[in-house]
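Shown next, in structure tokens, is the structure this report addresses.
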Amino acid sequence: MPATTPPHDRRRRRTTRLLAATAGLATVGALVAALPSTASADEQTGKHWPGRYQDVQLLSFNDLHGNLEPPSGSSGRVTELQPDGTTRTVDAGGVEYLATHLREAREGHKYSVTAAGGDMVGASPLLSGLFHDEPTIEALNELDLDVTSVGNHEFDEGAKELARLQQGGCHPTDGCYTDEEFEGADFPYLAANVLDEKSGKPILKPYWVWKKKDVKIGFIGVTLEGTPDVVSAEGVKGLTFKDEVETINKYAKVLQRQGVKSIVALVHEGGFPAGTAYNYDCDAPGAGDGISGPIVDIAKNVTPQVDALVTGHTHAPYVCTIDDPAGNPRMVTSAASFGRLYTDTTLTYDRWTGDIARTAVGSANHVVTRDVPKAPDMTALIGKWNTLAAPIGNRAIGYISGDIGNTGTESPLGDLIADAQLAYGKELDPETDLALMNPGGIRAPLTYAAKGAEGDGVVTYAEGFTVQPFANTVNLQDITGTQLIQILKEQVSGANAAAPKILQISSGLTYTLDLTKTGADRVVTDSVKLNGAPVDPSAVYRVASNSFLAGGGDGFPTLGQGTNDLVGADDLTALEKYLTANSSATSPIAPPKADRITIVK
């Protein structure tokens, strides 16, 4: 569909699309060639009836996180595997380009449905996050998204705010941002495994059925059962998150009883392919051999009644076939994150059975390159919201002398943020001793090169917002020395044993992380020191952390046991105050050395 088609016309056309074969679709990971879908004629009447098989195009993406403008740095690139075995990076992403790619992909495919795997909003750049992600919902409407599952980040601001994004209406605190009231999502959010604690019922629709003529495909949407571990306690208050497999299997039976036998699961949980290239073959040497992680067990246990899984959460690209419980291969896909890729899958629908002929399913990830024309409606949408955001976003809040990265076991930016929270904590209570910061809460690096007219080395409010977009408060609490050591050990044990989460620590706190050991022993107890003195197990320490961590999030239950809580302003305010107080145009902040944790390998 041309990029210039008016949005309302696209919406009308989408509801009346007819299906066509997906000729020319790249089918990396395809099981076999698609079955024929020709029409046949009744010899007596001369009438033409549809053929037995009909190809349906399923376009999908996941983990957009409100990235309307092209993401910068490594967040805006994908790795591509070349025929000779080498790799190259390709700039990718931006909804102006995503819209063009999706519209071009739909051309010639009258039977086409677009779905997403959650985290469309949350942890968003300022352009969307400043306005509680209304701009992203508007963009997804323009993209003709048909359906999405919820992800964990859809709960960053709680179930009531998610309901507003679905249904529309002005923000209860900030009001309306334009002359027109926010209309909400044109597409359904599915939350089959997210239940209201009081009623025991899903807070949003558990499933949705896409219909075109005599073809119908059901979609079931779930998020990871562990959502409460990665979202603030306030965001999931009053909610229960059920097992993904049990929920999908339950609603697959419901759909079957309604006569819907073709089913796709939208699962906001993912895996980790052995290769980082978007076109890596994770079916080598055998089906699903090149992928690991939670999605593997989910895929192996979801009922064979489900024909394909669109997944997300891990921000990884893959197109794999993983055997279902009956031993039959089934397509499992993920399109990385931030709108850098989209997946094009052919589902061959069997009119005789009403089911998908899975031996004919093919799928491939495609790069959202920036060498295509920008979609004019998306350019206008971005321009509208940028005009509103500019007075806030362009304000300088600090100066840096070089890039301050957020990668590595201990990162320079992690140290900077921890120091900022310690300094802010001391403003609230001079007895504050240290600060802890979760690495997952640091969403982007601070880069020296200017992104606009502000000049090199200038940190704008928009850049700070991109780094810390969650609006967590900085909380103070008392913990004992024994609890502090236990918290550090929880980085590499318990819920974090398989995938350690190393907290970023403020100046003065030091310890040794011995990676030659296993479990909690990797944190060397007698190495934990504060300002050069061993931590006293019986002493009480005043600790600053964001509200997510202070509630025991990210697998740190001991932090949730702190006492004497004091709630401060949001974490971005703490960062802004620190940058303003400690830097200037003539005396910028240098990247911290990231040498507080001694790592033994």
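The values are calculated or read from the model by the stated rules, or taken from the named source; none is laboratory data. None of these values were measured; they are calculated from a predicted model. Methodologically, a virtual Cβ is constructed for each residue, glycine included, from the backbone with ideal geometry; neighbour enumeration extends over all protein chains shown. Quick note on the areas: whole protein, heavy atoms, side chains included, nothing else; ligands and nucleic acids left out. Shrake-Rupley method; radii C 1.70, N 1.55, O 1.52, S 1.80 Å.
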Which one is least open to solvent (accessible area, probe 1.4 Å), of the residues in the range 590-601 that are hydrophobic (A, V, I, L, M, F, W, C) and either in contact with a Pro (Cβ under 6 Å, 6 or more places away or on another chain) or under 23 Å from V458 (Cβ atoms) (or both)? A594
Out of L341, L347, sole residue that is modelled with pLDDT of 95 or more, open to solvent by less than 10 Å² (accessible area, probe 1.4 Å) and over 24 Å from the mean Cα position of the chain (by Cα): L347
Against the condition over 30 Å from the mean Cα position of the chain (by Cα), of a type outside the set (D, E) and open to solvent by less than 40 Å² (accessible area, probe 1.4 Å), how does S587 come out, does it pass? no
Scanning for something under 19 Å from L579 (Cα atoms) and in contact (Cβ under 8 Å) with a residue 12 or more places away in the chain, does the range 482-496 turn up at least one residue? no
With the structure loaded, tell me whether T276 is under 27 Å from V319 (Cα atoms), in contact with a strand residue (DSSP E or B) (Cβ under 8 Å, 6 or more places away or on another chain) and hydroxyl-bearing (S, T, Y) or whether it fails that test. yes
Which listed residue, of G452, G457, is touching a Pro at 6+ places or on another chain (Cβ under 6 Å) and either at pLDDT below 95 or surrounded by fewer than 22 Cβ atoms within 10 Å (Cβ to Cβ) (or both): G457
So the check is Cβ under 6 Å with 6+ separation or different chains; which pairs have a first residue in the range 499-511 that's in contact (Cβ under 8 Å) with a residue 24 or more places away in the chain and a second one that's among the charged types (D, E, K, R) and surrounded by fewer than 16 Cβ atoms within 10 Å (Cβ to Cβ)? T510/K529
Taking the range 382-426 and keeping only residues that are in a helix (DSSP H, G or I), of a type outside the set (A, V, I, L, M) and surrounded by 15 or more Cβ atoms within 10 Å (Cβ to Cβ), one is left with W385, N386, G393, P412, G414, D415, D419, Q421, Y424, G425, K426
Condition (residue is in a loop (DSSP other than H, G, I, E, B) and crowded, with 16+ Cβ neighbours inside 10 Å) applied to the range 526-540: is it met by at least one residue? yes
How do the pairs read when you match residues in the range 547-570 that are closer than 14 Å to V474 by Cα and in a loop (DSSP other than H, G, I, E, B) with residues anywhere that are open to solvent by less than 30 Å² (accessible area, probe 1.4 Å) and of a type in the set (S, T, Y), using Cβ under 7 Å and keeping only pairs 6 or more apart or on different chains? G551/S232
Take A544 and decide whether it is at pLDDT 95 or above, among the aliphatic types (A, V, I, L, M) and part of a helix (DSSP H, G or I). no
Reported set for the range 176-213 where residues are part of a strand (DSSP E or B) and more than 22 Å from F241 (Cα to Cα) is V209, W210, K211, K212
Would you check if there is a residue in the range 351-363 being part of a loop (DSSP other than H, G, I, E, B) and polar (S, T, N, Q)? yes
